[in-house]
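One structure is given below, encoded as structure tokens.
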Amino acid sequence: MKKFALLINGRLGLRILRYVICQKEIEIIGIVINSNNKRSSTYLDSVSSILRQYFKDVPVISFEDVADNYIRIERLLKDSDYGVSALFGHLLPKNLLEDIQCEIINLHPSMLPIGRGADPIPWSIIGKERQGVTIHILDSGLDTGYILSQKEFDTNIGMNAGEIYELATELLFREFESIFTPWINKEVKVSVQCEIPSSLHKSSELENIRIINFNEVATFGEFVRKLQALTFSDGRKPSFMDESGRLWLIDISITPGGEID
């Protein structure tokens with residue numbers, strides 16, 4: 001019986017939980033979910049509801065329980081053979097990752113090394129980068145581990161960050177399904193991330209540009225990409241501050257037109 005730890009968030013995390021919990025010869029021995037300020041208010045209830053359906057008595061740890069003293073998560077990962085991180089919004093301490101034998105894979109919504117760190121989809125829109133997904137082995141660096149699977153997908157200027165995110169999470173789940181059994185059976189060939197210039201961002205950086213100033217100067221293309229990048233599937237939208245200091249929410253919709261003769 002292979003012992004698993006899950007570090008999950010969002011709808012993708014719930015899909016991963018349902019998938020792993022149904023696999024033969026797999027035992028989930030613990031789940032870590034995002035801290036209160038990084039997850040929905042009903043997320044713990046959703047995880048608990050899934051576990052009850054399958055009669056699984058599995059401890060669920062909220063990350064704030066171990067933010068300063070990570071003994072519980074250290075014990076969980078040391079007791080696990082494998083781990084899956086799906087949209088988990090926290091960095092695990094470097095010394096913890098170096099001290100465990102558990103192999104953890106991370107499901108990341110970008111074409112690594114493009115889009116390392118937080119909010120890879122919005123920053124890839126702003127930077128006119130390719131969009132895609134990567135499943136890689138978690139190491140002590142930030143999104144730097146060996147790649148198990150990577151897929152690019154097409155987007156266009158009419159798609160906002162929320163729409164691209166939905167495509168990315170669906171593709172991540174399909175890729176996870178396809179590599180799961182080969183991965184735990186040590187049958188997946190890994191590859192090193194390519195050496196190209198890549199961006200690296202923190203969560204606070206995107207919030208710092210969410211309000212567009214009246215006097216901001218940009219090309220039309222840059223302006224459109226910024227609006228698309230700041231429009232999320234959870235309802236968050238970019239704001240515009242007029243000359244009086246009043247804020248206005250911005251909705252943008254771009255649809256294909258006819259051909260130009």
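A few notes on this one:
- Share, in percent, of DSSP beta bridges within the chain that are antiparallel, nearest 5: 35
- Measuring r between the beta carbons of Asp251 and Lys202 and using R0 = 25 Å, the FRET efficiency lands at 0.40.
- Based on alpha-carbon atoms, the Kirkwood radius and the radius of gyration of the chain give Rg/Rh equal to 1.00.
- Residues within the reach of a label modelled at Ile157 (point 7 angstrom out along Cα to beta-carbon, backbone nitrogen below 17 Å), restricted to the range 201-229, are 218-229.
- Peptide ranges 24-33, 201-210 listed from the most packed, as the mean C-beta count within 10 angstrom indicates: 24-33, 201-210
- Loop-located chymotrypsin sites (Phe, Trp or Tyr not before Pro) in the range 218-258 (DSSP state other than H, G, I, E, B) with a sparse environment of at most 16 neighbouring Cβ atoms within 10 Å are absent.
- Most tightly packed first, judged by the mean number of other beta-carbon atoms within 10 Å of their residues, the peptides 154-162, 117-125 read 117-125, 154-162.
- Label-point separation, Ala218 to Ile179 (7 Å along Cα→Cβ), nm: 3.2
- Averaged over residues, the count of other Cβ atoms within 10 Å places the peptides 131-137, 180-186 in the sequence 131-137, 180-186, highest first.
The numbers here are math on the coordinates, done by the rules we state, and not lab data. Quick caveat: nothing in here was measured; it's all calculated off a predicted structure. Methodologically, a virtual Cβ is constructed for each residue, glycine included, from the backbone with ideal geometry; neighbour enumeration extends over all protein chains shown.
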